[in-house]
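Scroll down for the structure; my scribbles are underneath it.
The values are calculated or read from the model by the stated rules, or taken from the named source; none is laboratory data. Here the structure is a predicted model, which means the values were calculated and not measured. Reconstructed Cβ throughout: ideal geometry from the backbone, glycine too, with neighbour counts over all protein chains shown.
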Amino acid sequence: IIFKMTVLLYFLINLSYFIPHITGNVDNADVNSRDVQYAYIVGKVYPPDEQFGNSWQQETYVHLAGGLQKGFIREDGSFVFTNVPPGSYIVSVTNPRYIYEPVRVEINSKGKIRARKVNHIQTSQIIQLPYPLKMRPISQTRYFQVREQWRIIDFLFNPMVLMMVLPLLLVMVLPRMMNDPEARKEMKQIQNFTNYDMPEMSEMITSFFGGGNQPKPRSSKQTKKKT
């Protein structure tokens, strides 16, 4: 009885698997996977110098989407990523001695490819690039910070130096300005302008809060009547 039950169960499992394929009711996921058009991303990596040799090819790698696919370059510097589904990907080149600018590649559902610059700050700004990709080095990799050299400008604009030099300059320049007759006239004009009779602050406050000029007090002496 147990043997018959196992055989019957095995038969039912196989029957449930083959019925959809016989009737044509295939899973939607299988249909969608067949409808998806996979694309090829093609490009070429250029060496930093034409006379650089072939050693740079051994140290150069091409990455798709940060490691989704990783590949080497051919002798002529070309590379190909196969079976890439629709989406947006960043193609980057890594080399221990040179820095390459990454490129964003967008693939639509129809398999059309568009390349543009990577801009993480202004994502809405689109600057298209030619396709197939052309990856060129932008600078040499620096692993150590360059030592700053001594410059006379940095020394002169130092705050401590300015605090010491400016008073000395004023001490040397002001006496010469006082000996100049034109400078003396200007100084006198400034002094005369500041010596004008200005109302005191206390009088201004009392007149403002007192409602104007107060009436003068009457004299205590009365005029004598004429006899």
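Is it true that GLY53 is under 22 Å from ILE126 (Cα atoms), modelled with pLDDT under 80 and in a loop (DSSP other than H, G, I, E, B)? Steps first, please.
On the way: under 22 Å from ILE126 (Cα atoms): no; modelled with pLDDT under 80: yes; in a loop (DSSP other than H, G, I, E, B): yes.
So GLY53 fails the test.
Taken together, the residues in region 123-151 that are without any contact (Cβ under 8 Å) to a residue 60 or more places away in the chain and not in a loop (DSSP other than H, G, I, E, B) amount to 4.
Could you go through region 143-164 and let me know if any residue there is of a type in the set (A, V, I, L, M), touching a His at 6+ places or on another chain (Cβ under 9 Å), surrounded by 11 or more Cβ atoms within 10 Å (Cβ to Cβ) and more than 21 Å from TYR38 (Cβ to Cβ). Steps first, answer last, please.
Narrowing region 143-164 to residues of a type in the set (A, V, I, L, M): 146, 152-153, 156, 160-164.
Filter again for touching a His at 6+ places or on another chain (Cβ under 9 Å), leaving none.
Among the residues of region 143-164, not one is of a type in the set (A, V, I, L, M), touching a His at 6+ places or on another chain (Cβ under 9 Å), surrounded by 11 or more Cβ atoms within 10 Å (Cβ to Cβ) and more than 21 Å from TYR38 (Cβ to Cβ), which makes the answer no.
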